[in-house]
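Q: The structure is given below, and queries will be raised subsequently.
The values are calculated or read from the model by the stated rules, or taken from the named source; none is laboratory data. Fair warning: this is a prediction, and the values are worked out from it, not measured in the lab. No Cβ is skipped: glycine too gets one built from the backbone with ideal geometry, and neighbour counts run over all protein chains shown. These accessible areas exclude ligands, DNA and RNA; they are computed on the full protein's heavy atoms, side chains included. Shrake-Rupley method; radii C 1.70, N 1.55, O 1.52, S 1.80 Å.
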Amino acid sequence: MQTSTELSYNLPMDLKINEPRTLTGGRVISNLTAALLAIFFALPMVWMVLASVDSEATNQLNLPHLTAAHYWVAVQSENLSALGNSLIISTVATVVGTMAAFLAAYVLSKQHIPFKNPLLLTVLFLSGVPISILIVPIYKMFAALGWLSIIPTGILLGVTALPFQIYQLKNFIDAIPVELEEAAVLEQASSFQILWKVIFPLAKPGLASAAIFGFVNAWGNFLMPVVLINRLADQPAPVRLFGFMGSNSINYGVIAAYSIIYSLPVIVLFFGMSRQFKAGFSLGGAVK
Amino acid sequence: MASVTFQNVWKRFGELTIIPDLNLQINDGEFIVFVGPSGCGKTTTLRMLAGLETPTYGKIFVDDEDVTLTPPGRRDAAMVFQSYALYPHMTVRKNLAFGPAIRGEAKSDIARSVDKVAQLVGLDKLLDRRPAELSGGQRQRVALARAMIRRPRVFLLDEPLSNLDASLRTQMRAEITQLQRQLGVTTVYVTHDQVEAMTMGDRIAVFDKGRVLQVATPAELYRSPASKAVGTFIGSPNMNILPASLQHEGETVRFDCLGTSFGVAAREFSGSLPQVVELGLRPDEIHWTKDAPSRCSEKISGTVTAIETTGSETFVLVDVAGTLINSKFPSFAPIHLGDQVNLVFDANDLYFFDGVSGVNLRLGSKEPSVV
Ligand SMILES: Nc1ncnc2c1ncn2[C@@H]1O[C@H](COP(=O)(O)OP(=O)(O)O)[C@@H](O)[C@H]1O
Ligand SMILES: [Mg+2]
């Protein structure tokens, strides 16, 4: 009797193993094209890394004369505080935008409301309109209300992300079977309990991607803060970065070093949230 | 525990009438089955009882309380959804504890009732799994346990077994009826499967196109179907419908059917007979001449057009003068396609239906009465 779980076979030693051809003309061409495109888009980043440690950095791609001086300048207190301002603005924008979008998406997805379709079309349309085109009236309103400061600007940036976030979240909430809510209703759960204990946990992957969108949208914005924040000390990092380009000289090395530091939080955010995307328990098991 | 009354209940979705004028009484502690083809309004009726849909007209009572407009949470009904509707982000334990926690029960009480109900349905080993990590049958048990963790006034089950494989389905049928008898909670069970209905229900309500055709015990439904529709729906394989013509001969009515002729006492029938009648005859009650009880005196013959063998029995489709008749033969009877066969039946086994309305013309007695 055979004891091992693995059965032993008499392999056909006289036959050749079947192998599909992997090297074909089509493959070579498509991979080469992809490689060229990749190099094209990688070059600016290579420049950024090299220039940031080059004491004689220019706008050319050069082998660096190694130095840490640019980073030293980049982490001076006023530069760091600009990053701090960016963090405040983006956090406010993310929290405000994602929360409001979650509630709106839930209502648009699951509740009966009048004019739902026209409303959704409007939201879709608005997600394609850049807020910059409204900058003049917004400035007027903010000035009149005395809001030309960091927090109101953060909130406004959160609002600019809303239409897209609503769409992102609505897709996730649409996929949650309505029976889950009905089952909760039969257990006497209130609307708030349903939202918090059933919808919210199941929409987490959607919330994560909406939050990232909200954060990046605010983190990269230049125009809103520069127009709507009147204190120089409250300006965020993109405005600071612009400041390194003086009228008669441009400090390339510092720009590169500061840019690298400026991009770090976004990278950290992506890695931090990636677990949510992957683990985001699928709806498996909710319905047969 | 409670009785339930539907009183002139209508349900319309926009211009579409799904339930026209439903009247139904469900007794306290009863296991009633709603059965009918898919799309006939069983789920809609159940959802109206749960409070998830509002009847367009009419009233629903639980005991003597009018609950027509009572929100679902305050009806004290527990429902098992067709899709189970388990919370995928919660473990089995959390799924079971969800309701009690929402209602603010004490933690220790919840833990105790979770353990008790898990024991009852055999889930005690699986309490820390998520629904995605369970098989279909296990999910079904979780859904059942979640409904049973409290003693609701009514249990509502919507086709809970329709997604399970055949052997598990048979096992769960027995388990569910046993649990219900144990708990004694008034239960409404929806299914499209007449076998499930016949094996589980104390009483069965047969639905068709939003109407209740008949409410009766399984035995009554089988023996005295109210109409041709009920007769052909209940029983497997389906009842044969035979064309017939009739003549009055004093106290007797003489029927001619597929070449045979017999008389039935006129007093057997309620009211006067219509011009056109159809006869119903179950496949089990039409026999091969070589395997027939002696009381079978009506003989017809035809050609074998199909044979279906399950092992324990063989059903043979016989073409008798253009009418296909399904008949039960002994298993592995030596017959072949195209054979000429003689069939016999006892006229006392016949059902008589109005040829137009389908109403059963001989309700009640099925005592021997052929003249
Ligand atoms: N919310 C709704 N809106 C419109 N039509 C519906 C709705 N719910 C059910 N129906 C219709 O009502 C009919 C009965 O449905 P249902 O009660 O689910 O049938 P069953 O459970 O007997 O299969 C179907 O034709 C279905 O399309
Ligand atoms: Mg249904």
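Q: Could you please give the count of residues in segment A:169-206 that are touching a residue at least 24 places away in the same chain (Cβ under 8 Å), buried (at least 21 other Cβ atoms within 10 Å of the Cβ) and within 7 Å of chain B (Cβ to nearest Cβ)?
A: Of the residues in segment A:169-206, 2 are touching a residue at least 24 places away in the same chain (Cβ under 8 Å), buried (at least 21 other Cβ atoms within 10 Å of the Cβ) and within 7 Å of chain B (Cβ to nearest Cβ).
Q: Of all residues in segment B:58-93, count the ones that are free of Cβ contacts under 8 Å to residues at least 24 places away in the same chain and away from ligand 2 (no atom under 13 Å from the Cβ).
A: Result for segment B:58-93: 11.
Q: (1) under 30 Å from A:Val73 (Cβ atoms); (2) modelled with pLDDT under 90; (3) among the polar types (S, T, N, Q): which one isn't true of A:Thr5, the others all being true?
A: So the condition that A:Thr5 fails would be (1).
Q: Additional query: Pairs needed: first member in segment B:31-57, within 14 Å of another protein chain (Cβ to nearest Cβ); second member anywhere, polar (S, T, N, Q) and within 11 Å of ligand 2 (Cβ to nearest atom); C-beta distance under 8 Å; at least 6 residues apart or different chains.
A: B:Thr43/B:Gln82; B:Glu53/B:Thr44
Q: Okay, next question. Could you please tell me which pairs satisfy a Cβ distance under 6 Å, a separation of 6+ or placement on different chains, a first residue in segment B:182-193 that is assigned by TED's automatic domain parsing to the domain that holds B:Met148, and a second residue that is among the hydroxyl-bearing types (Ser, Thr, Tyr) and within 16 Å of ligand 1 (Cβ to nearest atom)?
A: B:His192/B:Ser38
Q: Let me ask something else. Can you report the number of residues in segment B:31-56 which are surrounded by fewer than 14 Cβ atoms within 10 Å (Cβ to Cβ) and away from ligand 2 (no atom under 11 Å from the Cβ)?
A: Result for segment B:31-56: 1.
Q: Kindly list, by first and then second residue, each pair from a residue in segment B:130-151 that is closer than 15 Å to B:Leu164 by Cβ and assigned by TED's automatic domain parsing to the domain that holds B:Tyr84 to a residue that is of a type in the set (A, V, I, L, M) and surrounded by fewer than 24 Cβ atoms within 10 Å (Cβ to Cβ), limited to pairs with Cβ atoms under 6 Å and residues at least 6 apart or on different chains.
A: B:Gly136/B:Leu164; B:Gly137/B:Leu164; B:Gly137/B:Leu168; B:Arg141/B:Val121; B:Arg141/B:Leu123; B:Leu144/B:Val121
Q: A further question on this structure: So the check is Cβ under 7 Å with 6+ separation or different chains; which pairs have a first residue in segment A:147-158 that's under 14 Å from A:Thr91 (Cβ atoms) and a second one that's of a type in the set (D, E, K, R)?
A: Once the first residue is under 14 Å from A:Thr91 (Cβ atoms) and sits in segment A:147-158, its partners that are of a type in the set (D, E, K, R) give A:Ile150/A:Asp234.
Q: Among A:Ser127, A:Ser109, which is the only one that is without any contact (Cβ under 8 Å) to a residue 60 or more places away in the chain, hydroxyl-bearing (Ser, Thr, Tyr) and either closer than 30 Å to A:Leu202 by Cα or open to solvent by less than 50 Å² (accessible area, probe 1.4 Å) (or both)?
A: A:Ser127 is the lone residue from the list that is without any contact (Cβ under 8 Å) to a residue 60 or more places away in the chain, hydroxyl-bearing (Ser, Thr, Tyr) and either closer than 30 Å to A:Leu202 by Cα or open to solvent by less than 50 Å² (accessible area, probe 1.4 Å) (or both).
Q: How many residues are facing chain A (nearest Cβ under 10 Å), open to solvent by 10 Å² or more (accessible area, probe 1.4 Å), assigned to a helix (DSSP H, G or I) and of a type outside the set (Asp, Glu) when one looks only at segment B:116-137?
A: Result for segment B:116-137: 2.
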